[in-house]
Amino acid sequence: MLNVTFVLADDHVITVPAQPGQSLMEAALIGGVPGIVANCGGGAICGTCHVYVDAGWSDRIGSPEDAEDEILDAVHDPGPLSRLSCQVLLREEFHGLVVRVPIRQNT
């Protein structure tokens, strides 16, 4: 078991438990995190699970693959720390991971 922290646009913090092998998106949906919509159910085609990885975690999480990067080009307010949460598979060493939910997804 590991914990992942989601920071909403209003700085409200939600920490959810997760299992290794689960996607970050799945953890957010199970934990009821507002703004993680996941319209495509994790198919990496809609961008509604967009998050910003905390800078301190970006090297450990890694960069998006080309297909994910193409979808990120179409999300609202993409940035260098943007990831689709459906494409981040959690591992034990990600315990304490912090991500921010974009403001446009917090509505």
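Considering only the range 84-106, state which residues are within 19 Å of residue 40 (Cβ to Cβ) and open to solvent by 20 Å² or more (accessible area, probe 1.4 Å).
Within the range 84-106, 87, 89, 104, 105 qualify.
Keeping to the range 83-97, report how many residues are among the hydrophobic types (A, V, I, L, M, F, W, C), more than 12 Å from residue 51 (Cβ to Cβ) and in a loop (DSSP other than H, G, I, E, B).
Counting residues in the range 83-97 that are among the hydrophobic types (A, V, I, L, M, F, W, C), more than 12 Å from residue 51 (Cβ to Cβ) and in a loop (DSSP other than H, G, I, E, B) gives 1.
Just to confirm my filter: which helices (runs of 4 or more DSSP H) fall fully inside the range 1-82 and include at least 2 residues that are open to solvent by less than 50 Å² (accessible area, probe 1.4 Å) and closer than 19 Å to residue 94 by Cβ? Steps first, please.
Details: elements: 24-30, 58-61, 66-72.
Counting at least 2 such residues, we get 24-30, 58-61.
Considering each residue of the range 11-28, count those that are in contact with a helix residue (DSSP H, G or I) (Cβ under 9 Å, 6 or more places away or on another chain) and not small (Gly, Ala, Ser), and give that number.
Residues in the range 11-28 being in contact with a helix residue (DSSP H, G or I) (Cβ under 9 Å, 6 or more places away or on another chain) and not small (Gly, Ala, Ser): 9 in total.
Considering only residues that are at pLDDT 90 or above and among the polar types (S, T, N, Q), look in the range 67-107 and name the one that is nearest to residue 6 (Cα to Cα).
Among residues in the range 67-107 that are at pLDDT 90 or above and among the polar types (S, T, N, Q), the one nearest to residue 6 (Cα to Cα) is 85.
Which members of the range 26-85 meet the condition of being in contact (Cβ under 8 Å) with a residue 40 or more places away in the chain and touching a Phe, Trp or Tyr at 6+ places or on another chain (Cβ under 7 Å)?
The answer is 28, 33.
The values are calculated or read from the model by the stated rules, or taken from the named source; none is laboratory data. As the structure is a prediction and not an experimental result, all values here were calculated from the model. Cβ coordinates were reconstructed from backbone atoms using ideal geometry, including for glycine residues, and neighbour counts include every protein chain displayed. Just so you know, the surface numbers come from the protein's heavy atoms only, side chains and all, with ligands and any DNA or RNA stripped out. Shrake-Rupley method; radii C 1.70, N 1.55, O 1.52, S 1.80 Å.
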